[in-house]
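Inspection log for the structure reproduced underneath, given as C-alpha cells.
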Amino acid sequence: MTASSANESIQLQHVHNTIPFFHGNTFFQIGEKKVHWKGQSALIDDKSGICLAVFKASFFEAKNGKLGTLLITAHGAELLDVIVISALVEQERSDEAEREV
C-alpha cells in the first residue's frame, strides 16, 4: 500500500461455499488490483492468477499462541500491510463461524 492510498478503505466480500466443511472465498480490491483469499490458504491476484500470500494454519494453537504461518511471496511484498490485515480479518471471521456451530 502506498502513502497516497493510506486512507483508502477496503471492503471484504465473503462468499460461502455450498459444500459443508469447505471454506468460501473472500474477495477485495486494492486500487485497481482485484484479489481473493481462496479458502483461508492462498491470496490470489484475480487477473494474473499469481499467488501473493499463503497462510498455513496450525492444527492446534501452540503454547506461544501461534495460530499459523503467513508467507508473503515476492509478488505480494508491495501489499504487505493489506495482506497481513486481511489475513487477520479472515482468520477472525473463520473463528467466529466455527463458534456458531
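Every number in this text was worked out from the coordinates using simple rules, so none of it is lab data. Not measured: the values here are computed from a predicted model. In this analysis, Cβ positions are derived from the backbone assuming ideal geometry, glycine residues included, and neighbour counts consider all displayed protein chains.
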Non-local residues with an amide H under 5 Å from the amide H of LEU52, with H modelled 1.01 Å from N and Pro and chain starts lacking one, are LEU43, ILE44, ASP45
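Give, in nm to one decimal, the length gained when the segment between VAL89 and PHE59 is fully stretched (0.36 nm per residue of separation minus the Cα-Cα distance). Don't skip to the end; give the middle numbers.
Working: separation 30, 0.36 × 30 = 10.80 nm, distance 1.86 nm.
Extra length available between VAL89 and PHE59 comes to 8.9 nm.
Cβ under 12 Å from ILE72's Cβ, ILE72 left aside: what net charge do those residues give with Lys, Arg +1 and Asp, Glu -1? Show your work: numbers first, answer last.
Numbers: positive: none; negative: GLU78, ASP81.
Cβ neighbours under 12 Å give a net charge of -2.
What full-extension length gain, to one decimal in nm, is calculated for LEU71 and PHE27 as 0.36 nm per residue of separation minus the Cα-Cα distance? Write out the running numbers ahead of the final one.
Values: separation 44, 0.36 × 44 = 15.84 nm, distance 1.89 nm.
Extending this stretch completely gives an extra 14.0 nm.
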